[in-house]
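Student: Please find one structure pasted underneath; my questions will follow.
FYI, it's all coordinate maths here, none of it is from the lab. Given the structure is predicted, the values throughout are model-derived calculations rather than measurements. All Cβ positions, glycine included, derive from the backbone under ideal geometry; neighbour counts span all protein chains shown.
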Number of protein chains: 2
Amino acid sequence: MIRHTVAFRLKHIPGSTAERDFLQAACELAKIEGVQKFECLRQSSRKNSFTFGLSMEFADEAAYTFYNDHPEHTAFVQQRWIPEVVEFMELDYVANAP
Amino acid sequence: MIRHTVAFRLKHIPGSTAERDFLQAACELAKIEGVQKFECLRQSSRKNSFTFGLSMEFADEAAYTFYNDHPEHTAFVQQRWIPEVVEFMELDYVANAP
């Protein structure tokens, strides 16, 4: 299992229609084949400047690559993410029993 | 539900006994009352410099505060986290249906 997460901040006014529209568009990514446990999240710690997050899981690297290369994902990145996201950080996790 | 996560990088050599010892000590935090779904994770994205992560969930702010203030947590921060962690980022998430 690979958990792909991204924390981000939008250029939109908090609570605006534009903000909600972006988040709704982001949620459509959940429909891409192989995406599991998709979550749309609000980032609530004051120790960083991000305000939202997305989290999803993939069974393996092949499923992750299929998502990354999927035309619906690449179109979202070009048409929505790049124009509307001010800053972001991607963090990917796999289980690690010490 | 509040999901508390932290991505971090240790000063220890990867694969070292010191690294494993730190991670095992971190896993002990799972025993603090109110901690749910505790996960010890490896950070695998090359788009950031963190190598490990912890994730846990709390029912509410009161449970999160209880954990934060718990003597076993504050001792871990002072005795292990501060001396052994080079850099970290905390991200907290709550559900956000747009």
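Student: Over the protein assembly as shown, how many pairs of lysines fall under 30 Å by alpha carbon, counting only those 8 or more apart in sequence or from different chains?
Tutor: Eligible lysine pairs with Cα atoms under 30 Å apart amount to 18.
Student: Another question, then. Consider just the alpha-carbon atoms of region A:58-98 and return their Rg together with their Dmax, both in angstrom.
Tutor: Just the Cα atoms of region A:58-98 yield Rg and Dmax of 13.3, 41 Å.
Student: From a point 7 Å beyond the Cα of A:Ala95 in the direction of its Cβ, which residues of region A:57-71 have a backbone N at a distance under 17 Å?
Tutor: Counting only backbone N, you get A:57-61.
Student: Here's something else I'd like to know. What distance in nm separates the two pseudo spin-label positions at A:Ala25 and B:Lys11, each 7 Å out from Cα along the beta-carbon direction?
Tutor: 4.5
Student: Could you give the size of the charge dipole of the protein assembly as shown about its Cα centre, using +1 on the Cβ of each K and R and -1 on the Cβ of each D and E, expressed in debye and rounded to the nearest 20?
Tutor: Dipole size: approximately 320 debye.
Student: Mind checking A:85-94 for the average number of partner chain beta-carbons within 10 Å of each residue's beta-carbon?
Tutor: 5
Student: Starting from a label point 7 Å past Cα on the Cβ side, list the distances from B:Glu90 to the same position in the other copies, nm, shortest first.
Tutor: 2.7
Student: When the dipole is taken about the Cα centre of chain A, and only Lys, Arg (+1) and Asp, Glu (-1) are charged at their Cβ, what size is it in debye, to the nearest 20?
Tutor: My answer is approximately 560 debye.
Student: In nm to one decimal, list the spacings between the B:Ala18 label point and its equivalents in the other copies, with label points set 7 Å along Cα to Cβ, shortest first.
Tutor: Copy-to-copy label distances for B:Ala18: 4.9 nm.
Student: If I take all pairs of Cα atoms in region A:2-98, what percentage of them are more than 19 Å from each other?
Tutor: Tail of P(r) above 19 Å: 41 percent of Cα pairs.
Student: Starting from the eigenvalues of the Cα gyration tensor, five times each then square-rooted, give me the equivalent ellipsoid semi-axes of the protein assembly as shown, largest first, whole Å.
Tutor: 30, 20, 15
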